[in-house]
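> Mind looking over this structure? Questions follow.
The values are calculated or read from the model by the stated rules, or taken from the named source; none is laboratory data. Please read all numbers here as calculations on a predicted model, not as lab measurements. As a convention, Cβ positions derive from the backbone with ideal geometry for all residues, glycine included, and neighbour counts pool all protein chains shown. To get the accessible areas, we keep the full protein, side chains included, count just its heavy atoms, and leave off ligands, DNA and RNA. Shrake-Rupley method; radii C 1.70, N 1.55, O 1.52, S 1.80 Å.
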Amino acid sequence: ADFERQLVDVGPERARQLFFDHALDRLERWYGAFDDGTRIRLRRLADEMPVDTRLELEDLRRRQRELLAFLRAVSAGKVTAREEIGERLKRSFSRSEEGSTTPYAEYAERNRAALHRFYAEAANLATPEQRERARRELQYYIGEIAALVPPRTASRNGVPPEPHARSLEQSGRTGRP
């Protein structure tokens, strides 16, 4: 109901504006404030993104029905294998266009490509100082997550586990974000 009220009922132009405002806010949390020229270029990219919130709502409802039916089957004891339950839940929350109608799957792929272009362009437009800020932010989260993850003790296929990377340098990701 919230999705419908906030994104479908307002029309595609308002939905696109809401996306841009939200995306710019997230980007500026990582990179810092962008100048007007960068904001204009990002806005143009956002304006080119495909927006079909009615199609998104239809598919969201389809996925909710499928997940609810699956959870009811688990609750009724019709599905009991942990591996099957885990796999099904992973599929439910990963690529949402799987199992959807062809128009939605095509739309989702176009939308994903446009989203990748949008964020890649933001990274490319960032100044070196902004990219350094984003690198520091990412490094902070890597450290926080690494501190929460227990050390790996088991091996897979007889291969001893590698230690968790605690920095971008250790992970081999030292280039541009």
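> Those residues that are over 21 Å from ASP2 (Cα atoms), crowded, with 18+ Cβ neighbours inside 10 Å and in contact (Cβ under 8 Å) with a residue 40 or more places away in the chain, I need them from region 23-48; list them, please.
Within region 23-48, LEU27, TRP30, TYR31, PHE34, THR38, LEU42, LEU45, ALA46 qualify.
> If you don't mind, there's one more thing I want to ask. Tally time: how many residues in region 97-126 are aliphatic (A, V, I, L, M), open to solvent by 20 Å² or more (accessible area, probe 1.4 Å) and part of a loop (DSSP other than H, G, I, E, B)?
Summing the residues that are aliphatic (A, V, I, L, M), open to solvent by 20 Å² or more (accessible area, probe 1.4 Å) and part of a loop (DSSP other than H, G, I, E, B) in region 97-126 gives 0.
> Under 8 Å between Cβ atoms, at least 6 apart or on separate chains: pull out the pairs that start in region 90-116 with a residue that is farther than 24 Å from ARG16 by Cβ and end on any residue that is at pLDDT below 85 and surrounded by 14 or more Cβ atoms within 10 Å (Cβ to Cβ).
As it stands, the answer is GLU98/ARG91, since those pairs meet every condition given.
> From the residues in region 76-95 that are outside any helix (DSSP H, G or I) and among the hydroxyl-bearing types (Ser, Thr, Tyr), which one is farthest from ALA105 (Cα to Cα)?
THR80
> Would you confirm whether or not region 52-64 contains a residue that is more than 24 Å from GLU13 (Cβ to Cβ) and open to solvent by 60 Å² or more (accessible area, probe 1.4 Å)?
Yes; the residues of region 52-64 include at least one that is more than 24 Å from GLU13 (Cβ to Cβ) and open to solvent by 60 Å² or more (accessible area, probe 1.4 Å).
> Any residue at all in region 66-73 that is under 29 Å from ALA134 (Cα atoms) and surrounded by 16 or more Cβ atoms within 10 Å (Cβ to Cβ)?
no
> Going by what's in this entry, would ARG62 be described as of a type in the set (Lys, Arg), in a helix (DSSP H, G or I) and in contact (Cβ under 8 Å) with a residue 60 or more places away in the chain?
no
> Counting only residues that are in a helix (DSSP H, G or I), open to solvent by less than 90 Å² (accessible area, probe 1.4 Å) and either farther than 14 Å from LEU27 by Cα or in contact with a Leu (Cβ under 9 Å, 6 or more places away or on another chain) (or both), how many does region 135-150 have?
Adding up the residues that qualify gives 8.
> Here's another thing I want to ask about it. For region 50-77, enumerate the residues that are out of contact with any Asp or Glu (no Cβ under 7 Å at 6 or more places or on another chain) and aliphatic (A, V, I, L, M).
Listed by number, the residues that qualify are VAL51, LEU55, LEU60, LEU67, LEU68, ALA69, LEU71, ALA73, VAL74, ALA76.
> Additional query: Can you tell me how many residues within region 53-75 are over 13 Å from ALA108 (Cα atoms) and aliphatic (A, V, I, L, M)?
Selection size over region 53-75: 6.
> Starting from residues that are hydrophobic (A, V, I, L, M, F, W, C) and surrounded by fewer than 14 Cβ atoms within 10 Å (Cβ to Cβ), keep the ones in region 79-96 and report whichever is modelled with the highest pLDDT.
Top of the filtered list is ALA81.
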